Amino acid sequence: MRRLLILSGCAVVLFTSLNPTASSQSDPDFVGVITGRVTTLTGEPMVGVKVIALMVKDLNGDPYRRQFGERPRYTDDRGVYRLYGLRPGIYVVFTRGDVTSSPISPYEGYAPTYHPSSPRETASEVRVTKSGEATGVDIRYRGERGHTVSGVASAGKDAPRSTGMSVALYDVSSGFLAGVQNLGPVEAQNAFTIKGVTDGEYEIVARVHGMENDESLVSLPRRVTVMGADVGGIELKLAPLAWVSGKVVVETSPDVCEGGGKSSLSKMFVRVRPETKVMPDARRFSNFQSGGSVSEQGEFKISGLEPSRYFISLGLPDENWYAKSIDTPATTAGSDSVKPVATYDVGRNGLALKSGDRVSGLVVIIANGAAGLRGSLKAENESLRAPAGMVVHLVPAEPAAADDVLRYAEVPMGRNGAFEFKNIAPGKYRLLTRSAPNEPSYGPPTAWDANERAKLRKEAEAMKVEIELKPCQRIKDQSVKQQ
């Protein structure tokens, strides 16, 4: 018969903060509350239990494809928890042993219990409105031991100096972090065990956090199925991360905007983003967007890149600049040899990187004469607000630019229907508005996918909102009718 460890009295240190998160302080939407008690099956209060609210739907009932766990809180000596600073939405609430192995939790290894007292499949949903407080969201702790997922992460004989290794397990359906173990110091073979795992489909990945980005390692994700038993014998092979470097060149142009050309290259930022969407909680361990600053001479280097296909985006400090082309006549230095790579258009095709790739010689050309466009959505009924989750796309109208990724742009529409584009290359465009519910900003731009580009062009042509942007032109009153 299993026995639960019940903590009570004042001897427990609760690892929580009395200060709301930054988002709850600055965004008036982050003011919802969920509160309740966690007890044993016999009704005794449980102290120091971690409780998490996971947003699974918006208030319209539309599912979130990638789910975020809000900041966890802990129960007090009465078993009471209070989750605050929540966005409006529909949540499931559950207990959890500490998945990061710190602080030490007496509930480590126990499977999550969802409100009211169930596994995930039969959990009751909790609705949180703006400024609303959902009370009585109690949890009767089931005290069921979860399964373990274990194996070895191989870093090789020449493991780098590092700040440690993490092995993380993600739920495939939601991307939510199901468990993680932090290890250190790193050795050639590193045993890991993740506890408290429920039945389901997962991906597991190991990362070594090097003292320098060039020393970091990562394994390819492995699919893991947990079904009624522990899973062992998993081997994760770590390999070096990739890096890219290059130079930014400012093209001499007759179309120099008034006051243009004075910004320093050192204020510019070059970013790379993978074409695949990254699971939300994976951002704790791997940036969904990496970048490097640019020197006064225009040189940059971006390190710590996992195997993927990347596209380049620019953080331009001057609204008169725009990205004209991104190419590479570079060579790739692998771990054992240097091999030539055919010159190709990185701006259009992206850059496919494997473990340990070293790509140098990228040439990013920027030009003066960028245009800008500001406008708003005009509804037939002026009292109506813009629909939530709208995105405005700028699509090149010239056939020759159909696959020029640098000519596409997209921005989220504000609640008042306003939108603004900056750093746009001169040319002919079509405007398109699209609904993009539950599409977080960390997802890759739509135009990076060739099939999606074709859809954008077809939809934009049907919408028939055409604009010609001349060098240095600033349009401030463009209107788009609600479809």
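The values are calculated or read from the model by the stated rules, or taken from the named source; none is laboratory data. Predicted, not measured: the structure shown is a model, and the values here were computed from it. Don't worry about glycine lacking a Cβ; one is built from the backbone with ideal geometry, like all the others, and counts go over all protein chains shown.
Quick notes
- So LYS301, is it in a strand (DSSP E or B), modelled with pLDDT of 90 or more and within 24 Å of ASP403 (Cα to Cα): no
Per-residue answers, yes or no, for (1) surrounded by 20 or more Cβ atoms within 10 Å (Cβ to Cβ); (2) farther than 30 Å from LYS57 by Cα; (3) aliphatic (A, V, I, L, M):
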{"site": "ALA159", "(1), (2), (3)": "yes, yes, yes"}
{"site": "MET165", "(1), (2), (3)": "yes, yes, yes"}
{"site": "GLY179", "(1), (2), (3)": "yes, no, no"}
{"site": "GLU187", "(1), (2), (3)": "no, yes, no"}
{"site": "GLU201", "(1), (2), (3)": "no, no, no"}
{"site": "GLY210", "(1), (2), (3)": "yes, yes, no"}
{"site": "VAL218", "(1), (2), (3)": "yes, yes, yes"}
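- Condition met for THR193 (in contact with a strand residue (DSSP E or B) (Cβ under 6 Å, 6 or more places away or on another chain), in contact (Cβ under 8 Å) with a residue 12 or more places away in the chain, surrounded by fewer than 18 Cβ atoms within 10 Å (Cβ to Cβ) and of a type in the set (Val, Ile, Thr)): yes
- Condition check for GLY210: small (Gly, Ala, Ser), modelled with pLDDT of 90 or more and outside the structural domain of ARG120 (by TED's automatic domain parsing): no
- Members of region 221-234 found to be closer than 30 Å to LEU305 by Cβ, touching an Asp or Glu at 6+ places or on another chain (Cβ under 9 Å) and surrounded by fewer than 18 Cβ atoms within 10 Å (Cβ to Cβ), listed by number: ARG222, ARG223, THR225
- Some residue of region 266-279 being hydrophobic (A, V, I, L, M, F, W, C), modelled with pLDDT of 80 or more and assigned to a loop (DSSP other than H, G, I, E, B): yes
- Here ILE204 fulfils each of the conditions (1) touching a residue at least 60 places away in the same chain (Cβ under 8 Å); (2) part of a strand (DSSP E or B) apart from (1).
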